[in-house]
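Take a look at the structure below.
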Amino acid sequence: MTVSNPAYLQSLYNITRAMGDKAISSDAAFEIEGFEQMWLLTKQFPWPELSSAGEIEIPMPLGAAKWEAQQVKINQQGQITLMETKAGHVSKMMLNLIRTGGKFNAKVYEGTPSQFSVAKPIYDCFIQLDNPDRDWENRSQVLNISGTLFFHYFNEEIPGNL
């Protein structure tokens, strides 16, 4: 017997709608302090969230074990992708960051820097870039420069203007 009768499906639909619209992955921006215009070249970046840093296995009698949560993980990392321009904006920004110590603060936005619902500041960031591949057969893609963004997040949120 199926559980997908119209009345049951409508109740699930109503509960889901009551929770509100879903966040869309593309409706976000990443802005580096001192390089504010570069948010337009940031294709992908991590969205910071706090959670346990992992598990601790606690031994118990008779070979049993249980789990406890580690401390909250504030040191985080994730994939970042920047779209390079013919003028080399990404390469120049990276060189400027290296000249000033390599670290920076940034904000991630639900929305854009000028119109957003919430912003999350992240601190002491740095980027480890992978060497991008150039491909003579690829005539249909922007030159993306990807790597890992390392940062610290403390659950701060700035209310937006939307």
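Details
- Considering GLU84, GLU68, the condition of being surrounded by fewer than 12 Cβ atoms within 10 Å (Cβ to Cβ), modelled with pLDDT of 95 or more and more than 22 Å from LYS22 (Cα to Cα) is satisfied by GLU68 alone.
- Just one residue in the set VAL90, VAL3 is β-branched (Val, Ile, Thr) and assigned to a loop (DSSP other than H, G, I, E, B); that residue is VAL3.
- Hey, GLY78 part of a loop (DSSP other than H, G, I, E, B), of a type in the set (Gly, Ala, Ser) and surrounded by fewer than 15 Cβ atoms within 10 Å (Cβ to Cβ) or not: no
- Filter pass, VAL118 being in contact (Cβ under 8 Å) with a residue 12 or more places away in the chain, touching a strand residue (DSSP E or B) at 6+ places or on another chain (Cβ under 6 Å) and either in a strand (DSSP E or B) or open to solvent by 70 Å² or more (accessible area, probe 1.4 Å) (or both): yes
- Restricting segment 1-25 to residues that are among the small types (Gly, Ala, Ser) and within 21 Å of TYR109 (Cα to Cα), the residue that is least open to solvent (accessible area, probe 1.4 Å): GLY20
- Search result, residues across segment 26-48 that are out of contact with any helix residue (DSSP H, G or I) (no Cβ under 7 Å at 6 or more places or on another chain), in contact (Cβ under 8 Å) with a residue 12 or more places away in the chain and either at negative phi or open to solvent by 70 Å² or more (accessible area, probe 1.4 Å) (or both): ASP27, ALA28, GLU33, GLU36, TRP39, THR42, LYS43, GLN44, PHE45, PRO46, TRP47, PRO48
- Answer from ASN155, ASN105, ASN96 - the residue that is of a type in the set (S, T, N, Q), part of a helix (DSSP H, G or I), open to solvent by 40 Å² or more (accessible area, probe 1.4 Å) and modelled with pLDDT of 95 or more: ASN96
The values are calculated or read from the model by the stated rules, or taken from the named source; none is laboratory data. Keep in mind it's a predicted model, so treat the numbers as computed, not measured. All Cβ positions, even for glycine, are placed from backbone atoms using ideal geometry, and neighbour counts span all protein chains on display. The protein model used for the area step is the full one, side chains on, heavy atoms only, and it has no ligands, DNA or RNA in it. Shrake-Rupley method; radii C 1.70, N 1.55, O 1.52, S 1.80 Å.
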